[in-house]
Amino acid sequence: MPEPTDPSTPADAGIEATTRPAEAGREAPLLKVLVPIDGSRSSQRVLDYLALRAARIGPCDLHLLNVQIPVESGHVRMFVTQDELESYYREDALAVLQPARARLEAAGLEVSVHIAIGHVAETIARFAGELEFDEIVMGTHGRSALTHLLLGSVSSEVIRKSGLPVLLVP
């Protein structure tokens, strides 16, 4: 019959307590997070969530991405040069990215910004894979219901195509 445990002995006796990481001298890498934004209310809620999350669990490697839908019409291209079109894409994207970056930096986060041109969901998924992100955090709704009807659900397409964890912020 085993000896009864001495009640004066702590349960963790003989176990060395430590606050060191498992691999001493090596910091865990930051979670690399892609955040596609389009300036919608849903995107604003994503920014609120990220600021709150950082306060709770610490910083991560944040990358904001704005995807510009390409002008496909030949009629527009007849009157606008490629340089003018690229300038338009950049200005439109920065109008969304700069305030978002400022908002997150005010919350103490470091943020990188990126602009891409293409079909939104495919571009987000491709970008996430090429730059080896750990997760994608995005809103559930974009700029308009009409866009949702015409293009389908961007978030559900990103989930299918990216192969990454996708956190949707309602």
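The table that follows gives values for the structure above.
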{"read-out": "Cβ crowding within 10 Å averaged over residues, with 50-62, 93-105 ranked highest first", "value": "93-105, 50-62"}
{"read-out": "Placed amide H near residue 31: partners under 5 Å, 5+ positions off or other chain", "value": "61"}
{"read-out": "Segment 101-106 - phi-based ³J(HN,Hα) in whole Hz, Karplus 6.51/-1.76/1.60, Gly and Pro as x", "value": "4, 4, 4, 6, 5, 5"}
{"read-out": "For residue 169, residues with placed amide H under 5 Å, excluding near neighbours", "value": "138, 139, 140"}
{"read-out": "Cα-centred dipole magnitude for segment 32-169, charges only on beta-carbon of K, R (+1) and D, E (-1), debye, nearest 20", "value": "500"}
{"read-out": "Nonlocal amide H pairs with residue 117, under 5 Å, H built at 1.01 Å", "value": "68"}
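Taken together, the values in this text are just the output of simple stated rules run on the coordinates, not laboratory data. Treat the numbers as computed from the prediction; the structure is a model and nothing was measured. So basically every Cβ, Gly included, is an ideal-geometry build from the backbone, and we count neighbours across all protein chains shown.
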